[in-house]
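Let me begin by presenting the structure, written as structure tokens, before commenting on it.
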Amino acid sequence: MPREVETRLEKRIRKFLWDDKTLARINKETIYAPIEEGRRQLLDLLARNEAILITWLQSYLNLNKDRAMWTFVADAILAHHVPSKYTNLEEREKINIFLQSWTANTNKLPKDLRDMISVTKKYGTRLEGLTFSRGIIRQMPIWLHGEAKNAHRLRNSKESRCLHQNHGVITVGDIEAQAKNAWTPRHGRQRNCRCTACAAARTENHCEAPYRCFSKANKLLQTLPEKWNPLSILPEDHEPDELHPPDINEGTTFDHRITTRGSLADAFRIFTQGETSNTIPRMAWNPQPADTKVEVYTDGSCQHNGSDEARAGAGVYYREGDALNKAIRIPEYLPQTNQTGEIISITTAAADVDPNHSL
């Protein structure tokens, strides 16, 4: 509803209610209150119109595949009307102002869209949660990531442009997959590396220097705070996927999990206040008795052992699908031997296992 129509209607309601008197005898909050509380439950036009805008906002922030068609039009309008400092951004980089660090020039937006953005700021709509699942984290755009304050410094490099244009990297999940290519067996930091990942990147993505792109992908991941980095050890690693059924009939099991699951649409909250935190809560995850035993397999290996081309790695395995399973490339500044890999695998397992458990 246009603001001028809203104002005229409010004046007419007020004049009718108070018999054309200019001074209201009871404040409007009391008049708007429910009849059950002894009030009149008069329609609050401003609140009703803002509620409608919030329902539009909810539809706009539904970033799933069943997203409404008008939201794509809104995306294009917002991406077109940006302040001058963002004019050098490519159109495909500007995905969503609620997920990224760029903003739109609201003065140039259509009124309905401008009002929707205004109510967003008024009621504190933003990504909010103690911690998020990797599924949500991986859906975030990597370019101009809203929580990675230094990522924009890396977006203009040759490798970043190749990752974006040739490799098709858009999300955090995409960049994670590219970074993991550096762990491919026989991968080396040279232009003519013949590992399967580099070979595929050259033929399928027309990438001239895959090893440089994989290295840049890892650097981009490192710009993400721990709360938004899929490589972090997250609370969901310690939480059950499903809750136990209640012990009594018609009871409800208390959900003690602090991880927000689902999609990006489930990560938005309204009526938020204060600063956000990008650190992961430090919690005690149900310590078990000291005699609880954890079985883990560790090993180290080295290809071309004893030569200048030696490349060592380490492996830590608990059970199939365990989030603590690891495949580790030994950094080049450490001796490239199988003994180094064995030491790294053991120390990694010792660091990851709860100190209350027997390893």
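Of the residues making up the range 216-235, none is surrounded by fewer than 18 Cβ atoms within 10 Å (Cβ to Cβ), among the β-branched types (V, I, T) and farther than 14 Å from S133 by Cβ. Of all residues in the range 311-323, those that are in a loop (DSSP other than H, G, I, E, B) and either at pLDDT below 90 or open to solvent by 30 Å² or more (accessible area, probe 1.4 Å) (or both) total 5. Checked against the criterion of being assigned to a loop (DSSP other than H, G, I, E, B), of a type outside the set (F, W, Y), in contact (Cβ under 8 Å) with a residue 40 or more places away in the chain and open to solvent by 40 Å² or more (accessible area, probe 1.4 Å), the range 103-124 has no qualifying residue. The residues listed here are T298, T279, T252; of these, the one that is of a type outside the set (A, V, I, L, M) and part of a strand (DSSP E or B) is T298.
Residue pairs whose Cβ atoms lie under 6 Å apart, separated by 6 or more positions or on different chains, with the first residue in the range 333-351 and of a type outside the set (S, T, Y) and the second part of a helix (DSSP H, G or I), are L334/T340. Residues in the range 31-57 that are open to solvent by 80 Å² or more (accessible area, probe 1.4 Å) and modelled with pLDDT of 75 or more: R48, W56. If you check every pair at least six apart or on different chains, which have Cβ atoms under 6 Å apart with a residue in the range 134-154 that is on the phi < 0 side of the Ramachandran plot first and a residue that is assigned to a helix (DSSP H, G or I) and open to solvent by 40 Å² or more (accessible area, probe 1.4 Å) second? Filtered contacts from the range 134-154: no entries. State which residue is farthest from G129 (Cα to Cα) when the search covers only the range 189-214 and only residues that are small (G, A, S) and crowded, with 17+ Cβ neighbours inside 10 Å. Ranking the candidates gives A209 first.
The set of residues in the range 324-343 being open to solvent by less than 60 Å² (accessible area, probe 1.4 Å) and out of contact with any His (no Cβ under 9 Å at 6 or more places or on another chain) consists of L324, N325, I328, I330, P331, L334, T337, N338, T340, G341.
The values are calculated or read from the model by the stated rules, or taken from the named source; none is laboratory data. Computed from a predicted model, the values in this text were never measured in an experiment. Methodologically, a virtual Cβ is constructed for each residue, glycine included, from the backbone with ideal geometry; neighbour enumeration extends over all protein chains shown. Just the protein is used for accessible areas: all its heavy atoms, side chains included, with ligands, DNA and RNA removed. Shrake-Rupley method; radii C 1.70, N 1.55, O 1.52, S 1.80 Å.
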